[in-house]
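Remarks on the structure that follows.
The values are calculated or read from the model by the stated rules, or taken from the named source; none is laboratory data. Note that the structure is predicted; figures quoted are calculated from it, not measured. With ideal geometry, Cβ positions are generated from the backbone for all residues, glycine too; neighbour counts draw on all protein chains shown. To get the accessible areas, we keep the full protein, side chains included, count just its heavy atoms, and leave off ligands, DNA and RNA. Shrake-Rupley method; radii C 1.70, N 1.55, O 1.52, S 1.80 Å.
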Amino acid sequence: MSETSQPSTRGRPAKRDAIVEAARAVFGRDGYARTTTDTIAREAGVSTRTLYKHFPSKEALFSSVLAMSAVRVADAFSAYLDDGLRDATGPEEQLFVIGHALVAHGLDFPDHFALVQQINAERRHFPAEMLDGWLQAGPLRVRAEVVERLGVLVEEGVLRSGDLERMALHFTALTTFESTTLFREGRTPTREELAEMVAAGVRTFLYGYRATED
């Protein structure tokens, strides 16, 4: 078969990527219930028929978008930690890197967190296995990494020993609550403001969890 007579697949990945990007934006903007596949196809620049060739239903499309988006953000979180902790010297600086990684993606991945807000608002529309897949791919993976990093500081004698899962939840709450509140109120904090919020959270966390000398 000659090169010109072979079926072309060159445009398929690009179309699928366009559909995923459009779906992430539309679902985050309009919510799951109000979003139609016609709207997504139109914003992706493809026909509805093409959309259904890649994704058999709106639920399948949402599930794929959610999982891929969660993996992308979790990967970025891990990379941010690896880069930041490589040069971090003291425990407070290490904790700042972890906390800042938790909040920075609110700025770096706004479409993803708009999607997460819609999930929280419309949980009843989604099957449990879809939500569990999202949690495993993103939030729980990130939490496990926070637990691991805090565990290292416990082993080094910087933090007092205790329930690491609870410690990670407390750390996450203290370093992200201020910025999350502002995002929910419709205001995007600057990177300088985020840094100040995280630093305050780290100081408060250390006040409660720093190991005491015998």
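Of all residues in region 179-214, which are among the small types (Gly, Ala, Ser), more than 19 Å from the chain's Cα centre (by Cα) and assigned to a helix (DSSP H, G or I)?
199, 200, 201, 208
For residues that are more than 25 Å from residue 205 (Cβ to Cβ) and open to solvent by less than 10 Å² (accessible area, probe 1.4 Å), tally how many sit in region 51-104.
8
So which of 74, 60 ends up being aliphatic (A, V, I, L, M) and touching a residue at least 60 places away in the same chain (Cβ under 8 Å)?
On inspection, the qualifying residue turns out to be 74.
For region 1-29, which positions are under 20 Å from the mean Cα position of the chain (by Cα), open to solvent by 40 Å² or more (accessible area, probe 1.4 Å) and modelled with pLDDT under 90?
29
So, restricting to helices (runs of 4 or more DSSP H) that lie completely within region 19-112, which ones have at least 1 residues that are of a type in the set (Phe, Trp, Tyr)?
Answer list for region 19-112: 48-54, 58-87, 91-108.
I'm trying to understand the selection: among the residues of region 121-136, which are in a loop (DSSP other than H, G, I, E, B) and of a type in the set (Asp, Glu)? Full working, then the answer.
Pass one, region 121-136, residues in a loop (DSSP other than H, G, I, E, B): 122, 126-127.
Within region 121-136, 122 is the sole residue that qualifies.
Determine which single condition residue 162 fails, assuming it passes every other condition in (1) buried (at least 19 other Cβ atoms within 10 Å of the Cβ); (2) touching a Phe, Trp or Tyr at 6+ places or on another chain (Cβ under 8 Å).
Residue 162 satisfies every listed condition except (1).
Residue by residue through region 91-105, note down the ones that are modelled with pLDDT of 90 or more and of a type outside the set (Val, Ile, Thr).
Matches in region 91-105: 91, 92, 93, 94, 95, 96, 99, 100, 101, 102.
Of the residues 145, 192, 156, which is touching a residue at least 60 places away in the same chain (Cβ under 8 Å) and surrounded by fewer than 12 Cβ atoms within 10 Å (Cβ to Cβ)?
One residue alone meets the criteria, 156.
For the condition under 19 Å from residue 81 (Cα atoms), of a type in the set (A, V, I, L, M) and either open to solvent by 70 Å² or more (accessible area, probe 1.4 Å) or outside any helix (DSSP H, G or I) (or both), what is the one hit in 169, 140?
Of the residues listed, the single one that is under 19 Å from residue 81 (Cα atoms), of a type in the set (A, V, I, L, M) and either open to solvent by 70 Å² or more (accessible area, probe 1.4 Å) or outside any helix (DSSP H, G or I) (or both) is 169.
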